[in-house]
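No value in this document is a laboratory result; all are computed from the given coordinates. Only a predicted model underlies this, so the values are computations on that prediction, with no experimental measurement involved. Positions of Cβ are backbone-derived with ideal geometry, glycine not excepted, and every protein chain shown enters the neighbour counts.
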Amino acid sequence: MPENIEIKAKLANLKAIEERLADLDIHRSAVIHQLDIFFNVPNGRLKLRRFSDQTGELIHYERPDLKGPKTSRYKIYRTEDPEGLQQTLESAFGVVGEVNKVRDLYLTGQTRIHLDRVAGLGDFLELEVVMETSQPTEDGVAIAQMLMEKIGITHKDCLEEAYIDLILKKSPAG
């Protein structure tokens, strides 16, 4: 199963991080609107990511809720019919909630840097160090920590939870 080493951090000043990335010669490669629909499943998390071009990805992942760099194991299934897949999954599992975000994607080495503007939550940074087959976890953690330091993200800025958890905490039923 593919793995990433990930961190997520709340941003107080998105513009300052954009400027820091530019100073590091790391430039935005894409702006992506994503709607993630999460389903009730017994193991890990299952979300359907819908894109504005009417395509989607079904993503199952397992990741501990820890501050700082953590391992995420995932599988991705791409679909040209996210609406039909969503209806089927809703019928089978029920929906937990959804996350609506605009993601600025930056690439450096084997790392994807996301600057996310999440509806109802604010601005965040995610680092995803895409691990190569049989690459030691320690390598990915070291890359994540080095980038955190260069970008100016501290351990106290890091979050444990996924966006969906933060949204559910804010909801009246959460």
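So which aspartates and glutamates pass the test for LYS170, namely a Cα distance under 16 Å, with those fewer than 8 places away in the same chain ruled out?
Counting by Cα, and skipping residues close in sequence, LYS170 has these aspartates and glutamates nearby: GLU98, ASP123, GLU160, GLU161.
In the chain, which helices (entire DSSP H runs) extend 15 Å or more along their own long axis, judged by Cα positions, while averaging at least 0.0 on the Kyte-Doolittle scale?
Counting only whole DSSP H runs, the qualifying helices are 137-151.
Ordered by packing density, taken as the mean number of other Cβ atoms within 10 Å over each peptide's residues, highest first, how do 31-42, 9-20 rank?
Taking the mean over residues of other Cβ atoms within 10 Å, the ranking is 31-42, 9-20.
Whole-Hz ³J(HN,Hα) for each residue in the range 121-128, computed from phi via Karplus 6.51 cos²θ - 1.76 cosθ + 1.60 with θ = phi - 60°, x for glycine and proline: what do you get?
Running phi through 6.51 cos²θ - 1.76 cosθ + 1.60 with θ = phi - 60° gives 10, x, 9, 9, 10, 10, 10, 10 Hz.
Gap in Å between the Cα centre of the range 1-37 and the Cα centre of the range 78-144?
Between the Cα centre of the range 78-144 and that of the range 1-37, the gap is 11 Å.
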